[in-house]
Amino acid sequence: MTSAPHLAAVAPGFAVEAAPALPPALVRRLLVHARAGGAPAVTVSAPATGELIAELPQSSTADIEDAFATARTAQAQWAKVPVRERVAVLRRFHDLVLAEQDEILDIVQAETGKSRVHAFDEVGDVAVNARYYASQAQRLLAPRTPRGVLPVLTRVEVRHRPKGVVAVISPWNYPLALAASDALPALVAGNAVVARPDNQTALTALWAIDAARRAGLPEGLWQAVLGRGSVIGGEVIARADYVDYTGSSATGRTIATQAGQRLIGYSLELGGKNPLLVLADADVDVAARISVRACFASAGQLCESIERIYVHDSVYEKFVAEFTRRTKDLILGSARDYSYEIGSLTFQRQIDTVTAHVDDAVAKGATVLAGGRPRPDLGPYFYEPTVLTDVRPGMTVYREETFGPVVSVYRVHSDDEAVEQANDTAYGLNASVWSRDIDRAREIAARVNAGSVNVNEGFIAAWGSVAAPSGGLGISGGGRRHGPEGLLKYIDTQTIAVQRALPIAPPPGVSEALWAKTMTLYFGLMKTLRQQ
Ligand code: NAD
């Protein structure tokens, strides 16, 4: 493993210099979009370098109240704006994100510590979501006219009504993608959004709001309130008409309880313990190369990333050798360019979890083939990409999500065993199957309990195909983003049925008994005619 020359020379501890991580003028420009200041500020620093990012203002209850009041007023007007005009904002937003990517990449890197490679994944994600919903919103939001109870006489129209003000509560690991790509469909559907980004990555979310304003989004429609989720989450949910939450399964339960108390809708995108299956006929070289990307994107701090690999006995040695070699070759470091493959973890608690999982496994007999140690010489939260074998039930890493750069590799002897092992989890977010026989791989994929399964890819094939829904099974949450589902969750339907000429009741002089007989004949006739 190669380390960054300039970083390797810096002493552990890493309070490198007092220089700010981002230009103060940029930070001031972005903070304008936060409804905050009523509660004491918190200090946010760059994980990779220790540089100061901002003294981040926090929102009081009054700030949150204000944000929702403003959002409600703005939303009432926005709902009247034709969808084609709302769509134009998304198109301009798409162009701005691509044109100004250097600025937002710097912010994402400063706030998360991830490499530019993985920060760019977020730019791509937001661009494709903006493009998709810009192209589909008019079709998805158009009124429908399904058949009425009595053909011709009953005219039915289904309209779409925005929910109102949507709360988007997003975590820190993919701060641009998870803040913007869920807000865009809500906005284009006619809602306002009050975002509660993580404190650590608030400026990224504020940049997205700033870009949307410059793309023509009216003021007040997309605002951010700032604060720890455990402090202000309840206040936000208490005022929202719908909650879109991304984070851990444990917090998802709290969100569901709070939303359930209010009988408002919610969408939960939660954790994963994602499996990758290498079948006997897989192209092992490609599988090993892509698996490395699938395991260690954003240093494994990705809900979709692979934490368990099941390899058929016949290709096990070859796969493990190639996968381990490639893992050891990964270049760690932090710089605002594409020279490093893997960046820093984001918090001390992430390093603590990763260390605890690896140490527990090793103490109970696991073998470390690559990594297995922190790299304080690179920065306080760097940890080497780690490959474990001989992992068994009873080790924490066997079942619990690590959410870091740690993967366990297991030998299996049949497809059935691989599927059984892959499904031995309460999670069900993402999975990957490798085989040269696509039909066989698709058949295996259908047996894996996961909301997305990638054949001959790790996660990007399914995740990047934003016309298809993405979300989890089991404790990975039942929410869906992307595709029609990612927009339709933000609307209510309203059915307007107009009865013409004859009411649906016995005409004067016809008994209820005769009416029932007539309707019985009618129902039978409709079935014979194969009508809906
Ligand atoms: P976490 O649940 O502790 O925190 C996530 C976010 O929720 C944080 O910003 C936190 O401030 C906020 N939060 C905490 N308590 C809250 C409350 N009571 N009300 C409102 N907000 C609250 O999770 P974490 O460990 O920081 O994040 C990583 C987890 O997120 C992992 O489990 C990961 O798999 C999951 N995740 C899932 C997806 C997905 O799309 N399925 C994407 C990214 C991350």
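The values are calculated or read from the model by the stated rules, or taken from the named source; none is laboratory data. Given the structure is predicted, the values throughout are model-derived calculations rather than measurements. With ideal geometry, Cβ positions are generated from the backbone for all residues, glycine too; neighbour counts draw on all protein chains shown. SASA here: full protein model, heavy atoms, side chains in, ligands and nucleic acids out. Shrake-Rupley method; radii C 1.70, N 1.55, O 1.52, S 1.80 Å.
Assorted remarks:
- Residues satisfying the stated conditions in the range 424-480, i.e. open to solvent by less than 10 Å² (accessible area, probe 1.4 Å), over 22 Å from HIS118 (Cα atoms) and not in a loop (DSSP other than H, G, I, E, B): VAL433, TRP434, ALA441, ILE444, SER476
- Complete set of residues in the range 350-387 that are of a type in the set (Asp, Glu), touching a residue at least 12 places away in the same chain (Cβ under 8 Å) and part of a helix (DSSP H, G or I): ASP360
- The set of residues from the range 392-413 being without any contact (Cβ under 8 Å) to a residue 60 or more places away in the chain and away from the ligand (no atom under 16 Å from the Cβ) comprises ARG392, PRO393, GLY394, MET395, TYR398.
- Residues being more than 9 Å from the ligand (Cβ to nearest atom) and either of a type in the set (Lys, Arg) or under 18 Å from the mean Cα position of the chain (by Cα) (or both) - total across the range 234-272: 9
- Of all residues making up the range 472-520, the number that are of a type in the set (Gly, Ala, Ser) and in contact with a helix residue (DSSP H, G or I) (Cβ under 8 Å, 6 or more places away or on another chain): 4
- Any pair with Cβ under 6 angstrom, 6 or more apart, that starts in the range 172-188 at a residue that is within 11 Å of the ligand (Cβ to nearest atom) and open to solvent by less than 10 Å² (accessible area, probe 1.4 Å) and ends at one that is among the acidic types (Asp, Glu) and not in a helix (DSSP H, G or I): ASP182/ASP244
- Filter pass, CYS303 being within 16 Å of the ligand (Cβ to nearest atom), open to solvent by less than 30 Å² (accessible area, probe 1.4 Å) and either in contact with a Pro (Cβ under 8 Å, 6 or more places away or on another chain) or of a type in the set (Val, Ile, Thr) (or both): no
- Every residue from the range 149-165 that is among the β-branched types (Val, Ile, Thr) and either within 14 Å of the ligand (Cβ to nearest atom) or surrounded by fewer than 22 Cβ atoms within 10 Å (Cβ to Cβ) (or both): VAL149, VAL152, THR154, VAL156, VAL158
- For the range 132-145, the criterion of being in contact with a helix residue (DSSP H, G or I) (Cβ under 9 Å, 6 or more places away or on another chain), within 16 Å of the ligand (Cβ to nearest atom), at pLDDT 95 or above and part of a helix (DSSP H, G or I) is satisfied by no residue at all.
- Criterion violated by ILE169 - all others in (1) surrounded by fewer than 24 Cβ atoms within 10 Å (Cβ to Cβ); (2) closer than 24 Å to GLN258 by Cα; (3) touching a Gly at 6+ places or on another chain (Cβ under 7 Å) satisfied: (1)
- Restricting ARG336, ARG325, ARG308 to those that are open to solvent by 20 Å² or more (accessible area, probe 1.4 Å) and outside any loop (DSSP other than H, G, I, E, B) reduces the list to ARG325.
- For beta carbons closer than 6 Å, sequence separation of 6+ or different chains, a first residue in the range 62-79 that is free of Cβ contacts under 8 Å to residues at least 40 places away in the same chain and a second that is of a type outside the set (A, V, I, L, M, F, W, C), the qualifying pairs are ALA62/GLY38; ASP66/ARG35.
- Residue list for the range 311-322, filter: acidic (Asp, Glu) and open to solvent by less than 60 Å² (accessible area, probe 1.4 Å): GLU322
- Residue, most open to solvent (accessible area, probe 1.4 Å), within the range 191-221, restricted to residues that are without any contact (Cβ under 8 Å) to a residue 60 or more places away in the chain and either in a loop (DSSP other than H, G, I, E, B) or away from the ligand (no atom under 12 Å from the Cβ) (or both): ASP198
- Matching residues in the range 498-532 - criterion: being under 13 Å from PRO151 (Cβ atoms), within 48 Å of the chain's Cα centre (by Cα) and of a type in the set (A, V, I, L, M): ILE504, MET526, LEU529
- Yes/no for PRO376 being out of contact with any Ser or Thr (no Cβ under 6 Å at 6 or more places or on another chain) and surrounded by fewer than 20 Cβ atoms within 10 Å (Cβ to Cβ): yes
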